[in-house]
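Okay, structure first, notes after.
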Amino acid sequence: MLQPQERKNSEQLFERAGKHIPGGVNSPVRAFKSVGGNPIFFSRAEGAYVFDEDDNRYIDFINSWGPMILGHGFPEVVEAVQMQAARAMSFGAPTELEIQLAETICEMTGIDMVRLVNSGTEACMSAIRLARGYTGRDKIIKFEGCYHGHGDSFLIKAGSGASTLGVPNSPGVTKGTATDTLTAPFNDLAAVEKLISENPDQIAAIITEPVAGNMGCVPPAEGYMEGLRALCDKHGIVFIMDEVMTGFRLAPGGAQERLGVEADLVCYGKVIGGGMPVGAFGGKREIFQHIAPTGPVYQAGTLSGNPLAVISGLTTLRYLQNHPEVYAHIDHMTERIEDGMREILENSKLPFTINRLGSMISIHFCENEVMDYTTASEGNNNYFKQFFHGMLNEGIYLPPSAYETWFVGNTIGESELEHTLYAAERVIEEMSAQ
Ligand code: PMP
């Protein structure tokens with residue numbers, strides 16, 4: 001078991017980082033705010049494992065928040081990136097690689113057209129602009145606890161780091177922007193219907209995570225996605241699925257395929273870049289033709305379609321496309337984590353709810369069903385903190401917030417599963433004894 005003093009180098013780096021980087025981190029959820037303690041600094045990674053600056057080894061259940069679905073240092077991706085780096089890093093001009101990635105994305109997901117960007121945030125911001133430009137309407141509906149990146153329109157009752165820090169409504173977002181974002185509880189169709197009838201012909205888009213992953217994992221209730229689809233059809237609203245987490249993870253065609261519901265526009269990120277900064281938004285040709293330069297809705301990017309990022313994404317997606325057994329494996333391993341954790345927690349005195357869909361899973365320390373942001377907030381954060389730090393000391397790196405999902409990668413095998421459940425048993429036993 002690790003002791004805090006065995007992370008001396010991380011501690012020193014964190015102190016140094018804080019002098020020039022706000023909070024010592026380049027993205028807030030890395031800061032361990034909701035679990036306490038200081039973040040760990042990492043130096044290298046291999047397969048299912050990450051190594052910190054003190055050379056401690058951890059099984060990685062964050063996987064860069066999703067992208068490293070094939071594990072760290074996947075040889076084909078590393079080789080492809082190295083070769084491309086020697087050939088050319090960036091042109092800011094078209095390349096054949098971009099066509100190949102666009103073709104692969106469209107083949108896997110069934111969408112007609114796609115535009116590459118550099119992050120999930122950009123994908124969601126651009127999708128919303130396109131929906132507004134296409135419909136000529138201003139308002140959007142989003143769901144409490146869903147996170148769509150840090151675009152102004154989305155920082156209203158957002159999940160993930162915004163919830164962790166307790167600032168769902170960020171200063172700096174103007175009142176005008178906030179009034180154009182209407183919010184409803186996730187899994188509540190009646191609330192959406194009410195918003196639509198109160199704002200007739202004003203709603204450009206409904207944007208949702210098809211399986212929420214930013215309030216822990218919250219799957220859609222039976223018929224919920226179909227219900228949203230039907231409401232959009234009835235009222236001429238653009239249905240946007242934010243598949244930044246679920247895309248290429250829940251199935252080759254993401255949540256659209258897994259849930260059998262089609263969106264008008266889709267946003268991608270994470271897995272699509274295989275560890276490099278790539279995002280994308282795409283969808284139906286009829287809508288997509290309105291984007292510049294074919295149409296008037298402006299969207300652009302100096303490094304969009306960057307060859308290094310694209311080759312990393314393309315190699316990852318092609319591997320997934322040709323190896324559907326990856327999906328069977330990560331789903332099966334996550335199911336076994338669920339079963340194991342259920343058994344351990346049932347034998348304890350602790351309240352718990354485990355939500356899982358495919359390789360997305362989270363544990364909330366509460367008895368109630370977790371189906372939206374309000375119910376997700378009922379989890380006991382003290383228990384979560386103890387669980388997180390206990391697991392960390394056992395060499396298991398979990399997301400440092402109850403409002404996040406674990407991401408299981410393809411390199412989790414029998415020994416990692418055994419180690420994880422053995423660690424969990426010890427940690428939960430210690431927590432119950434208190
Ligand atoms: N949408 C969802 C569903 C996400 O989970 C995230 C990031 N966690 C984003 C959008 C934003 O993506 P990025 O951090 O790449 O900007």
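Just to be sure I understand, how many residues within region 298-330 are assigned to a loop (DSSP other than H, G, I, E, B), without any contact (Cβ under 8 Å) to a residue 12 or more places away in the chain and hydrophobic (A, V, I, L, M, F, W, C)?
1
Residues SER43, SER64, SER10: which one is closer than 24 Å to GLY253 by Cα and under 26 Å from the mean Cα position of the chain (by Cα)? Step through it out loud before you land on a result.
Details: SER43 fails: closer than 24 Å to GLY253 by Cα; SER10 fails: closer than 24 Å to GLY253 by Cα.
Residue meeting the stated conditions: SER64.
What's the number of the condition GLY282 fails, among (1) touching an Asp or Glu at 6+ places or on another chain (Cβ under 8 Å); (2) part of a helix (DSSP H, G or I); (3) under 30 Å from ALA93 (Cα atoms)?
Of everything listed in (1) touching an Asp or Glu at 6+ places or on another chain (Cβ under 8 Å); (2) part of a helix (DSSP H, G or I); (3) under 30 Å from ALA93 (Cα atoms), GLY282 misses just condition (2).
Pull up region 1-44, narrow it to residues that are part of a loop (DSSP other than H, G, I, E, B) and of a type in the set (A, V, I, L, M), then point me to the one that is surrounded by the fewest Cβ atoms within 10 Å (Cβ to Cβ).
Filtering first and then ranking leaves MET1.
Counting only residues that are away from the ligand (no atom under 16 Å from the Cβ) and buried (at least 23 other Cβ atoms within 10 Å of the Cβ), which one in region 193-243 is nearest to the chain's Cα centre (by Cα)?
VAL238
Looking at GLY295, is it over 30 Å from ASN322 (Cα atoms), within 16 Å of the ligand (Cβ to nearest atom) and either of a type in the set (S, T, N, Q) or outside any helix (DSSP H, G or I) (or both)?
So GLY295 does not fit the description; no.
If you go through region 107-117 one residue at a time, do you hit one that is away from the ligand (no atom under 16 Å from the Cβ), in the same structural domain as ASP188 (by TED's automatic domain parsing) and touching a Leu at 6+ places or on another chain (Cβ under 8 Å)?
Yes; the residues of region 107-117 include at least one that is away from the ligand (no atom under 16 Å from the Cβ), in the same structural domain as ASP188 (by TED's automatic domain parsing) and touching a Leu at 6+ places or on another chain (Cβ under 8 Å).
If you check GLY282, GLY273, which single one turns out to be buried (at least 18 other Cβ atoms within 10 Å of the Cβ), farther than 27 Å from THR375 by Cα and within 11 Å of the ligand (Cβ to nearest atom)?
On the way: GLY282 fails: within 11 Å of the ligand (Cβ to nearest atom).
Going through GLY282, GLY273 in turn, the sole match is GLY273.
Within region 147-170, take every residue that is part of a loop (DSSP other than H, G, I, E, B) and modelled with pLDDT of 85 or more and give me the one that is farthest from the ligand (Cβ to nearest atom).
LEU155
Residue by residue through region 378-398, note down the ones that are over 13 Å from THR420 (Cβ atoms) and touching a residue at least 24 places away in the same chain (Cβ under 8 Å).
Across region 378-398, the qualifying residues are GLY379, ASN380, ASN381, TYR383, PHE384, LYS385, GLN386, PHE388, HIS389, ASN393.
Out of the residues in region 337-392 meeting the condition of being buried (at least 19 other Cβ atoms within 10 Å of the Cβ) and of a type in the set (S, T, N, Q), tell me which one is farthest from PHE407 (Cα to Cα).
The residue in question is THR375.
Can GLU79 be described as under 26 Å from VAL211 (Cβ atoms), of a type in the set (D, E, K, R) and modelled with pLDDT of 95 or more?
In short, no.
Need pairs with beta-carbon distance below 7 Å; first residue free of Cβ contacts under 8 Å to residues at least 40 places away in the same chain and within region 207-221, second within 12 Å of the ligand (Cβ to nearest atom); sequence gap 6+ or separate chains.
So the pair list comes out as PRO220/PRO210; PRO220/VAL211.
Where residues in region 395-420 are touching a strand residue (DSSP E or B) at 6+ places or on another chain (Cβ under 9 Å) and charged (D, E, K, R), which of them is nearest to VAL244 (Cα to Cα)?
GLU404
Taking into account only those residues within region 130-141 that are within 16 Å of GLY176 (Cβ to Cβ) and touching a strand residue (DSSP E or B) at 6+ places or on another chain (Cβ under 6 Å), which is nearest to the ligand (Cβ to nearest atom)?
Quick first cut of region 130-141, residues within 16 Å of GLY176 (Cβ to Cβ) only: 132, 137-140.
Within this subset, residues satisfying the condition of being touching a strand residue (DSSP E or B) at 6+ places or on another chain (Cβ under 6 Å) are 132, 137, 139-140.
Numbers: ARG132: 18, ARG137: 22, LYS139: 20, ILE140: 14 Å.
Within region 130-141, the match that is nearest to the ligand (Cβ to nearest atom) is ILE140.
The values are calculated or read from the model by the stated rules, or taken from the named source; none is laboratory data. Since we're looking at a predicted model, the values are computed, not measured. Virtual Cβ from ideal backbone geometry, glycine too; neighbours counted across all protein chains shown.
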